[in-house]
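Encoded as structure tokens, the structure appears first; notes follow it.
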Amino acid sequence: MLVREYMTPDPVAIRPESDFLAAIAIMKAGRFRSLPVVTAEGELVGIVTDKDLAAASPPAVAELQPRKPDYFGVHLTVEQVMNPDFVVVEPEVPLEEAALVMLDERVDRLLVVSGEALVGIITYTDLFRQLVTILGAGSSAIRLTVMVLNAPGQLAMLATAIASVGGNIVSLATAGQTEERLTLTLRIEDVDWPTLKQVITEKCDVEIVHICDPGSPHPRGGGE
């Protein structure tokens, strides 16, 4: 999973000399929360967000923009309200590394550049959407969390046992790790819970932490 697969490519951008009211209009029309700021020569010089524009709107204009105070903001340019400090990432960076950059830099979006060219933008919403996909939220698959020994072959043994009764693992995530144990969360289709429980308890050294079976008349949680 790479940034280029989940970013918004070729985002709408705005020039630094543009009127900041134009930025507001573009954001409203496109339902954007931010716009990259790019010069006529293609140089990325900043980012302007809905919060930046709200802060520069009346009656705060005279306080926030002493260089060109104007109550109605008609003389303000994007350059005056944008944030020149932005964080970039390359399109070939793994998605989890981009998430770590967001956490470390305390930002909710990254501008994606290839060389000097702006090629996309990726936000925390994109990351959460992919997390939901990985964990299979909203699907009819059984959600199973187990602890297994932190040793070679344990995951293969679990997968083999599930496959032996026709179960299909559609997603897998590591929910925690110690020197002794791994906590795994799996989404499994094409098998009922009683059959699944029987085979993994008989053939695998696992501790069932949590089970949720949306296909059951009485979906349940816990390790029963």
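The values are calculated or read from the model by the stated rules, or taken from the named source; none is laboratory data. Since the model is a prediction, treat every value here as computed from it, not as a measurement. Cβ coordinates were reconstructed from backbone atoms using ideal geometry, including for glycine residues, and neighbour counts include every protein chain displayed.
If we keep just the residues of segment 182-196 that are surrounded by 17 or more Cβ atoms within 10 Å (Cβ to Cβ) and not hydrophobic (A, V, I, L, M, F, W, C), which is farthest from the chain's Cα centre (by Cα)?
In this case the residue turns out to be THR183.
So, restricting to strands (runs of 3 or more DSSP E) that lie completely within segment 107-158, which ones have at least 1 residues that are more than 30 Å from ILE47 (Cα to Cα) and either among the hydrophobic types (A, V, I, L, M, F, W, C) or not assigned by TED's automatic domain parsing to the domain that holds LEU172 (or both)? Before you say what the answer is, go through the steps one by one.
Working: elements: 109-114, 117-123, 142-149.
Output list reads 142-149.
Cβ-Cβ below 7 Å, separation at least six or inter-chain, first residue in segment 18-38 and within 21 Å of ASP126 (Cβ to Cβ), second small (Gly, Ala, Ser): which pairs?
Every condition considered, the pairs that remain are LEU35/ALA13; LEU35/ALA23; PRO36/ALA13; VAL37/ALA13; VAL37/GLY46; VAL38/ALA13.
Would you call GLU179 touching a residue at least 40 places away in the same chain (Cβ under 8 Å) and either surrounded by fewer than 14 Cβ atoms within 10 Å (Cβ to Cβ) or not in a helix (DSSP H, G or I) (or both)?
no
Quick one: in segment 39-48, of everything that is in a strand (DSSP E or B) and touching a residue at least 40 places away in the same chain (Cβ under 8 Å), which residue is nearest to the chain's Cα centre (by Cα)?
ILE47
I need a count of the residues in segment 1-51 that are among the polar types (S, T, N, Q) and either within 15 Å of ARG109 (Cβ to Cβ) or not assigned by TED's automatic domain parsing to the domain that holds LEU95 (or both).
Residues flagged as among the polar types (S, T, N, Q) and either within 15 Å of ARG109 (Cβ to Cβ) or not assigned by TED's automatic domain parsing to the domain that holds LEU95 (or both) within segment 1-51 amount to 3.
If you go through segment 1-22 one residue at a time, how many are among the basic types (Lys, Arg) and assigned to a helix (DSSP H, G or I)?
So the count comes out to 1.
Can you name every residue in segment 67-112 that is at pLDDT 90 or above, β-branched (Val, Ile, Thr) and over 13 Å from ASP52 (Cβ atoms)?
Of everything in segment 67-112, those that are at pLDDT 90 or above, β-branched (Val, Ile, Thr) and over 13 Å from ASP52 (Cβ atoms) turn out to be VAL87, VAL88, VAL89, VAL93, VAL101, VAL107, VAL112.
Condition check: exposed (fewer than 15 other Cβ atoms within 10 Å of the Cβ) and within 14 Å of VAL206 (Cβ to Cβ). Does GLY166 satisfy that?
For GLY166, the condition - exposed (fewer than 15 other Cβ atoms within 10 Å of the Cβ) and within 14 Å of VAL206 (Cβ to Cβ) - is not met.
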